[in-house]
Amino acid sequence: MSARATEDVIAALAAEAAPVRPLAPPLARASRLLLVLGLLSAVTIAVLGDLDGMMARYAGRETMMMAETGAMLATAILALFGAFALSVPGGSRAWLVAPLPTFLLWIGLSSAGCYDLMLRRGLGGWGAVGDGTCFIFLLSASLGVGVPVLWLLSRARPIEPLAVATLGGLGVAATAAALLQFFHPFAVTVIDLVFHLLAVLIIVTTAALLRRLALRPG
Amino acid sequence: MHPFRLQQIPREAELANGDDRDWEALLAAAQGGDGEAYRAFLQAILPYARAVARRRLGNENLIEDVVQDALLTLHRVRHTYQPGRPVRPWLAAIVNRRAIDAARRSGRVGAREVSDDFAFETFADPDANPNEAAEASESLARMMTDLTPRQKEALELVKLKEMSLAEASAASGQSVGALKVNVHRAIRRLRRGLDRDAAE
């Protein structure tokens with residue numbers, strides 16, 4: 001194409017130079033979102049959570065529970081920071097792998113918890129205990145958290161929608177998983193863990209598939 | 001260095017001319033709606049944008065297309081620039097992204113389309129079948145009336161006048177995305193019409 005055509009493009013764009021309000025820095029936007037999510041989660045847990053049940057489930061394994069929940073929260077925070085960082089041009093690509101160590105730690109600790117349960121209960125620690133409620137909880141909580149997250153991310157019109165949607169999806173799924181810790185009515189078996197991971201996969205994949213619709217890429 | 005600003009700048013692009021302070025001021029003014037500042041900014045960044053595209057692409061023919069595409073993207077995301085921050089990493093990320101997209105598109109086209117050196121020999125003399133040619137022309141004209149005005153405009157600009165998407169977008173006011181969709185739908189509708197005619 002010719003340089004002349006580029007001049008025409010510039011003239012056309014300059015003619016459309018309507019004022020725009022610069023977005024706040026991604027770090028600040030992500031922090032504000034996490035603050036609101038944290039407050040809403042705290043209120044939800046205080047009103048509806050089963051803290052006594054949770055402590056009973058993890059009796060003698062409090063450190064493990066805190067580490068597992070911490071890994072989930074760290075994954076959520078890093079993934080959401082990464083999504084916001086990459087939603088604007090020039091964000092570091094290091095954010096793509098930033099949540100990976102904490103995600104692996106989360107899966108590792110959850111698996112260790114399952115293994116521990118199997119040792120204590122034998123085959124009883126293998127099969128599914130839940131009736132699918134936790135699976136539905138994860139998907140519903142992700143929907144509740146995911147809609148505002150994707151809307152906020154879409155305001156930047158990301159030029160790399162796949163990376164932003166995938167990180168955003170992971171952040172949402174990790175947030176939902178951390179919330180679930182406070183509502184889980186039973187210890188997690190291997191099959192329960194598989195369903196948890198399936199829910200995470202569904203959430204991340206859905207976010208990635210909806211990227212064009214949800215993020216209005218630039 | 002700011003953790004959200006670690007985008008690596010291509011070495012060649014670092015050598016491109018341009019006063020960063022001027023660019024920052026012009027872009028900030030453009031965000032405020034100053035059309036002249038915006039025009040000056042877009043003009044000033046062209047050599048840098050071309051250098052970034054050239055660094056990423058081997059194909060010289062694609063560079064101007066990528067630059068135009070990057071300008072359109074820049075227009076849509078100009079609100080993501082934070083006044084006072086360096087412009088170059090922000091701009092380089094946009095051009096790089098569009099260059100990667102263009103390289104992928106070009107790779108796909110290269111993999112799926114073949115050049116047939118003897119194709120011209122299969123075309124008959126235009127005067128050989130005047131009746132069929134007239135019928136085909138009539139049929140095509142009828143099918144064109146089935147298209148929406150936006151589809152017709154997109155098809156004419158992109159396929160008949162062979163404009164780039166960026167040029168067609170500038171000429172029609174339709175976004176690149178809308179053009180792609182309208183061209184796709186127009187071709188699909190024409191193809192259905194041809195199938196219908198063939199069946200009749």
**Message:** It is to be established whether one or more residues within segment B:46-62 are within 7 Å of chain A (Cβ to nearest Cβ) and touching a residue at least 24 places away in the same chain (Cβ under 8 Å).
**Reply:** no
**Prompt:** Is it fair to say B:Q68 is closer than 30 Å to B:A25 by Cβ, touching a residue at least 24 places away in the same chain (Cβ under 8 Å) and either of a type outside the set (K, R) or assigned to a helix (DSSP H, G or I) (or both)?
**Reply:** yes
**Request:** Provide a single number: the residues in segment A:157-212 that are crowded, with 24+ Cβ neighbours inside 10 Å, aliphatic (A, V, I, L, M) and under 25 Å from B:V95 (Cα atoms).
**Result:** 4
**Request:** Read through the list (1) among the hydrophobic types (A, V, I, L, M, F, W, C); (2) more than 24 Å from A:H184 (Cβ to Cβ); (3) without any contact (Cβ under 8 Å) to a residue 60 or more places away in the chain, then give the number of the only condition that A:L34 fails.
**Result:** (2)
**Message:** Test of understanding: among A:T133, A:T166, A:T175, A:T205, which residue is among the hydroxyl-bearing types (S, T, Y) and at pLDDT below 85?
**Reply:** A:T133
**Message:** When you check B:D34 against the structure, is it without any contact (Cβ under 8 Å) to a residue 40 or more places away in the chain and facing chain A (nearest Cβ under 9 Å), yes or no?
**Reply:** yes
**Request:** Among the residues of segment B:146-169, write down those that are touching a residue at least 12 places away in the same chain (Cβ under 8 Å) and within 14 Å of chain A (Cβ to nearest Cβ).
**Result:** B:L157, B:V158, B:S164, B:L165, B:A166, B:E167, B:A168, B:S169
**Complete:** Filtering segment A:140-193 down to residues that are closer than 30 Å to B:L74 by Cα, in a loop (DSSP other than H, G, I, E, B) and of a type in the set (A, V, I, L, M, F, W, C) yields A:A156, A:I159
**Complete:** Out of (1) assigned to a helix (DSSP H, G or I); (2) modelled with pLDDT under 90; (3) crowded, with 21+ Cβ neighbours inside 10 Å, the one B:F4 does not meet is (1)
**Asked** Where in segment A:1-117 are there helices (runs of 4 or more DSSP H), lying fully within it, with 1 or more residues that are more than 10 Å from every other protein chain (Cβ to nearest Cβ) and under 25 Å from the mean Cα position of the chain (by Cα)?
**Response** A:26-48, A:51-57, A:62-87
**Asked** Which condition breaks for B:T145 when tested against (1) at pLDDT 75 or above; (2) surrounded by 11 or more Cβ atoms within 10 Å (Cβ to Cβ)?
**Response** (2)
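The values are calculated or read from the model by the stated rules, or taken from the named source; none is laboratory data. The model shown is predicted, which means the values in this text are computed figures rather than measured ones. Counting neighbours? That spans all protein chains shown, and the Cβs are built from the backbone with ideal geometry, glycine included.
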